[in-house]
Amino acid sequence: MRAYLQAVRLLVLLIGFYVMAVGLLAAIVALDVVLTGVALRQGYVTFLFLGISVAFASPLVSGLFASVRGFNRRRPDGIRVSAQEQPELWARVRRVAEAMQTPAPAELWLVAEPVAAVWQSSWVLGLIPGPRRMMLGIPYLTGLTERQIDAVIAHELGHFARRDTLLSGLAARNRAGLMRVLERYAEDGNGIGHAMGSMFAGYARFCLRTTQAQARLGELAADRAAAGIAGRDTTAAALRRIPLLDAAHTRYMREYAGIGTALGLRPPAREVHSGFRAFLDSGTWKEEERRLIADPPRERTSPYDSHPPMRERVAAIEALPADGPGTFPGDPSPAGTGLVRDLAGTGAGTVLALPGAAELRQLPWRDLAAEVGTAELGTEATPVLRAGRAVLRGPADLAMLLDAVDAGRWAEVVDCMPRPGHGGHLLLDDSLRDRARADAADALYSLALAALVEDGRARWELDWERSRHLEFDEGVHAALDRAMDAAVSPGEGAEPDTSGLRDLLGLPRTGHRLSPERPPRAPGGCGSSAAGSPRPRC
């Protein structure tokens, strides 16, 4: 009875938002009717009243719509799989549901992101239940064992099988609606919409904070339900493993599968998830994983998050009685190996279902690394090329920049390098000049690397240990470093010497005669540095 009363109190608080919004809408409509009647009797125009009413009512309607939009039509960015297509996975889900004495989902979706969720369509603010759907991420099926996947499935279904909070599903559904209300009202920056939105966002925040403790108890109860199915130790292991998989997937997308997205490129869809598995097995990630286990980063949680910190969840599970065998056994290998048919093809389907993924051009991993690396070198070299054009008053390339070094005009190029946070007309102090000198040298180095790649003496490679990197012919890398130092960092008392760099890259002098550093131009054409040396306006 106490759990029931807690659930009722929780729902009254959550549904109070809708009651308040509908009540205000009714008040606006009633006031509008009264004012319109008075205006008509007095012969006034009613458009003004209608306009004011619409201005006040529109943010209310918008907030109500935000709280209920798309929930019943929620379609994950993935693929829906039937029991005929994935019988082993469906059998696993149904066996867990049966063990928990709750109906199995009507739909099963596989997605490319590391996520797991179960949600249920509903009507009348969640009072009338509809079909139940489950979503599983291929990265979890790739990085968790079958028993650990049991724990994940059981946790999600546990929200619907618990006995301690009878109306937990309805409360969770309304909490999700209030989160969307916060997101919606955050978009209104000023005016009536902002004023009305602030009021309702404040109530939504109050509801979410007030119901957070109960929601977190629900998460812990779902964890206990999972432990009853998969076993205490397996559930604790799954909870510890999930943040590591999330971190691994983030790094994998940043350094591997997602490196070409900005250029409209991606690796072959069939190799994305097998690549993630290979990355998980790499020595680089194993070392990172050990570091994260030994020194876990501080968790950042929202003040409205229904999930307790993971360390609290693990501690609660480990405090349970000694482990049993679990409801049914599972293979210790990655779950996807035994539960997902044609894992490569199925994973490819989830990748292609991501927004915009079908428009990206597929390239083999090495070609992808080469395209991205070449583009990166071009981007890194752009500042020094622009500075060279400003100084030389014409086209600039690597050979011309070396001519500028030989002519003693490298300092002018340095002074024209971009300085983030400083206007183009500000004077250079010593610290800014040192930074600009280093940036110019780095950009020139990128130009030299691009020349070596074009000549075939350096190649972009990608592997699971070192990510994307350049491989050089024997002796080339060391020779490049020596030649760069001689050209732009010769040391105190030494003259710049570009001959080594020219010889290495096969660059003769262009024949373009550059005069030594020019005197200041008339106003509008040059400026003075902090040290008084002439500097072109860039």
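The values are calculated or read from the model by the stated rules, or taken from the named source; none is laboratory data. Only a predicted model underlies this, so the values are computations on that prediction, with no experimental measurement involved. Here the Cβ is made from the backbone with ideal geometry for all residues, glycine too, and neighbour counts use every protein chain on show. In case anyone asks, the SASA skips ligands and DNA or RNA and just uses the protein heavy atoms, side chains included. Shrake-Rupley method; radii C 1.70, N 1.55, O 1.52, S 1.80 Å.
Test residue 327 against the stated conditions and say whether it is open to solvent by 20 Å² or more (accessible area, probe 1.4 Å), at pLDDT 90 or above and within 30 Å of residue 218 (Cβ to Cβ). Answer is no for this residue. Within the range 465-477, being within 37 Å of the chain's Cα centre (by Cα) and small (Gly, Ala, Ser) holds for one residue alone: 467. Would it be correct to say that residue 277 is open to solvent by 30 Å² or more (accessible area, probe 1.4 Å), in contact (Cβ under 8 Å) with a residue 60 or more places away in the chain, part of a helix (DSSP H, G or I) and not small (Gly, Ala, Ser)? For residue 277, the condition - open to solvent by 30 Å² or more (accessible area, probe 1.4 Å), in contact (Cβ under 8 Å) with a residue 60 or more places away in the chain, part of a helix (DSSP H, G or I) and not small (Gly, Ala, Ser) - is met. Any residue at all in the range 340-354 that's assigned to a loop (DSSP other than H, G, I, E, B), open to solvent by 40 Å² or more (accessible area, probe 1.4 Å) and of a type in the set (Gly, Ala, Ser)? No, the range 340-354 has no match at all.
Among the residues of the range 377-401, those identified as open to solvent by 70 Å² or more (accessible area, probe 1.4 Å) and under 22 Å from residue 505 (Cα atoms) are 379, 380, 386, 389, 395, 397.
If you check 312, 289, 271 for being within 30 Å of residue 87 (Cβ to Cβ) and in a helix (DSSP H, G or I), only one passes: 271. Of all residues in the range 473-498, those being of a type in the set (S, T, N, Q) and either open to solvent by less than 30 Å² (accessible area, probe 1.4 Å) or free of Cβ contacts under 8 Å to residues at least 12 places away in the same chain (or both) number 1. Summed over the range 392-408, the residues that are in contact (Cβ under 8 Å) with a residue 60 or more places away in the chain and more than 21 Å from residue 486 (Cβ to Cβ) give a count of 1. If only residues of the range 355-365 that are surrounded by 15 or more Cβ atoms within 10 Å (Cβ to Cβ) and in a helix (DSSP H, G or I) are counted, the one that is modelled with the lowest pLDDT is 357. Against the test of being of a type in the set (Asp, Glu), closer than 28 Å to residue 243 by Cα and either out of contact with any Cys (no Cβ under 6 Å at 6 or more places or on another chain) or modelled with pLDDT under 90 (or both), the options 164, 188 yield a single qualifying residue, 164.
Among the candidates 456, 527, 421, the residue that is at pLDDT below 90, over 21 Å from residue 405 (Cβ atoms), small (Gly, Ala, Ser) and within 40 Å of the chain's Cα centre (by Cα) is uniquely 421. With the condition kept exactly as written, say whether any residue in the range 20-30 is touching a Gly at 6+ places or on another chain (Cβ under 9 Å) and either open to solvent by 60 Å² or more (accessible area, probe 1.4 Å) or at pLDDT 65 or above (or both). Within the range 20-30, one or more residues are touching a Gly at 6+ places or on another chain (Cβ under 9 Å) and either open to solvent by 60 Å² or more (accessible area, probe 1.4 Å) or at pLDDT 65 or above (or both).
Listed by first and then second residue, the pairs linking a residue in the range 133-146 that is touching a residue at least 12 places away in the same chain (Cβ under 8 Å) to a residue that is part of a strand (DSSP E or B) and among the hydroxyl-bearing types (Ser, Thr, Tyr), with Cβ atoms under 9 Å apart and 6 or more places separating them unless they lie on different chains, are 133/121. Screening 59, 76 for residues that are open to solvent by less than 20 Å² (accessible area, probe 1.4 Å), at pLDDT below 95 and part of a loop (DSSP other than H, G, I, E, B) leaves exactly one candidate, 76. Checked against (1) touching an Asp or Glu at 6+ places or on another chain (Cβ under 7 Å); (2) crowded, with 16+ Cβ neighbours inside 10 Å; (3) hydroxyl-bearing (Ser, Thr, Tyr), residue 284 passes all but condition (2). Of all residues in the range 437-472, those being among the aromatic types (Phe, Trp, Tyr) and either closer than 16 Å to residue 256 by Cβ or open to solvent by less than 40 Å² (accessible area, probe 1.4 Å) (or both) number 2.
Residues are listed down the side, and each one gets a yes or a no for (1) more than 28 Å from the chain's Cα centre (by Cα); (2) under 17 Å from residue 222 (Cα atoms); (3) of a type in the set (Gly, Ala, Ser):
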residue: 84; (1), (2), (3): yes, no, no
residue: 91; (1), (2), (3): yes, no, yes
residue: 96; (1), (2), (3): yes, yes, no
residue: 112; (1), (2), (3): no, no, yes
residue: 130; (1), (2), (3): yes, no, yes
residue: 141; (1), (2), (3): no, no, no
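Can we say residue 262 is open to solvent by 40 Å² or more (accessible area, probe 1.4 Å) and of a type in the set (A, V, I, L, M, F, W, C)? Yes.
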